[in-house]
Amino acid sequence: MIVIVLLGAPGAGKGTQAELLAARLRLPHVATGDLFRAAIRDDSAIGRDARAYVERGELVPDEIAVRILLERLDRPDAAVGAILDGFPRTRAQAETLDRALAERGSRVSRALLIEVPEDELVRRLTARWICEQAGHVYNLDTNPPRVAGRCDLDGSPLVQRADDTEAVVRARLAGQLDALGEVIEHYRRQSVLRTVDGSRPIAEVTASLLALLPERDRVFEARPVAGQSS
Ligand code: AMP
């Protein structure tokens, strides 16, 4: 099992980079924020427990976050490992993840920290809009839709995530940076932490992240595609 954790403040580009790394390494991209948004949309029990926190831009309690993550890791496609995006967000979550992986005979291979200055984060986060129908992501600065306010792919209206408005963004950053510091420290002590400058172009950041993986995790061509049996 290859487990790679991506760390960074909200807006640092974890989601974008996790997606690229997942495709490259043929591992599932596991984003707890996406799992929560899907659970809320489906109005599942876990979605109802998490809804108020997610909409306020606050962390969901550890017990719920751990539950949604472990359920996802138990799905067959994650038997090879995963790129974790948005988990762990607290020291307690990091410790629980260590225990859960140890039970599976594994451990976190690398924790990759994407660093971006705070003003840049606020600018990026408030520019993000998603389509109402499928959550396709646009950025008004760097990736605007062809027709203002409409999704290029399905034509549905673009909306801001309730937690992407400026006031919520600032509160969210302030609230999450302390906990992130503890998670960073956790992985630094395990000597698996590596840091990249996330203010550079997307492809450069991806190349830096790949270069920081242990050699054994980079033999991706030899592995079957996640979820396929041959
Ligand atoms: P994200 O898409 O990663 O920015 O996550 C969106 C929201 O989901 C966060 O603001 C939290 O409310 C919640 N969330 C996602 N991952 C976690 C986690 N590991 N622990 C607690 N809350 C989380």
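Return the residue satisfying two criteria in turn: it lies in region 45-54 and is near the ligand (Cβ under 8 Å from one of its atoms) and open to solvent by less than 50 Å² (accessible area, probe 1.4 Å), and of such residues it is nearest to residue 174 (Cα to Cα). Talk me through it step by step, then tell me what you get.
Within region 45-54, the first condition is being near the ligand (Cβ under 8 Å from one of its atoms), and the residues that meet it are 50, 53-54.
Next, from what is left, pick out any that are open to solvent by less than 50 Å² (accessible area, probe 1.4 Å): 50, 54.
Numbers: 50: 20, 54: 15 Å.
Filtering region 45-54 for residues that are near the ligand (Cβ under 8 Å from one of its atoms) and open to solvent by less than 50 Å² (accessible area, probe 1.4 Å), the one nearest to residue 174 (Cα to Cα) comes out as 54.
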Residue 101 meets each of (1) open to solvent by less than 10 Å² (accessible area, probe 1.4 Å); (2) assigned to a helix (DSSP H, G or I); (3) within 13 Å of the ligand (Cβ to nearest atom) with one exception, condition (3)
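Of all residues in region 141-159, which are open to solvent by 60 Å² or more (accessible area, probe 1.4 Å) and within 12 Å of residue 130 (Cβ to Cβ)?
Kept after step one, since they are open to solvent by 60 Å² or more (accessible area, probe 1.4 Å), are these residues of region 141-159: 141-144, 146-148, 150, 153.
Of everything in region 141-159, those that are open to solvent by 60 Å² or more (accessible area, probe 1.4 Å) and within 12 Å of residue 130 (Cβ to Cβ) turn out to be 143, 153.
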Note on region 55-67: residues assigned to a loop (DSSP other than H, G, I, E, B) and buried (at least 16 other Cβ atoms within 10 Å of the Cβ) are 57, 59, 60
Residue that is nearest to the chain's Cα centre (by Cα) [pool: residues in region 17-39 that are over 19 Å from residue 70 (Cβ atoms) and surrounded by fewer than 18 Cβ atoms within 10 Å (Cβ to Cβ)]: 19
Exactly one condition in (1) among the basic types (Lys, Arg); (2) modelled with pLDDT under 95; (3) within 11 Å of the ligand (Cβ to nearest atom) is not met by residue 26; state its number. (3)
Testing residue 12 on (1) open to solvent by less than 10 Å² (accessible area, probe 1.4 Å); (2) assigned to a helix (DSSP H, G or I), one condition comes back false. Which one is that? (2)
I need the full set of residues from region 68-91 which are more than 10 Å from the ligand (Cβ to nearest atom), free of Cβ contacts under 8 Å to residues at least 40 places away in the same chain and outside any loop (DSSP other than H, G, I, E, B), in order please. 70, 71
Test: residue 37 is among the basic types (Lys, Arg), in contact (Cβ under 8 Å) with a residue 60 or more places away in the chain, within 13 Å of the ligand (Cβ to nearest atom) and not in a helix (DSSP H, G or I): no
Looking at 218, 223, 188, which is the one that is loosely packed, with under 15 Cβ neighbours inside 10 Å and at pLDDT 95 or above? 188
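The values are calculated or read from the model by the stated rules, or taken from the named source; none is laboratory data. No experiment lies behind these values; they were computed from the predicted model shown. Because the Cβ atoms are built from the backbone with ideal geometry, glycine has one as well, and the counts that use them run over all protein chains shown. Side chains included, ligands, DNA and RNA excluded: accessible areas come from the protein's heavy atoms. Shrake-Rupley method; radii C 1.70, N 1.55, O 1.52, S 1.80 Å.
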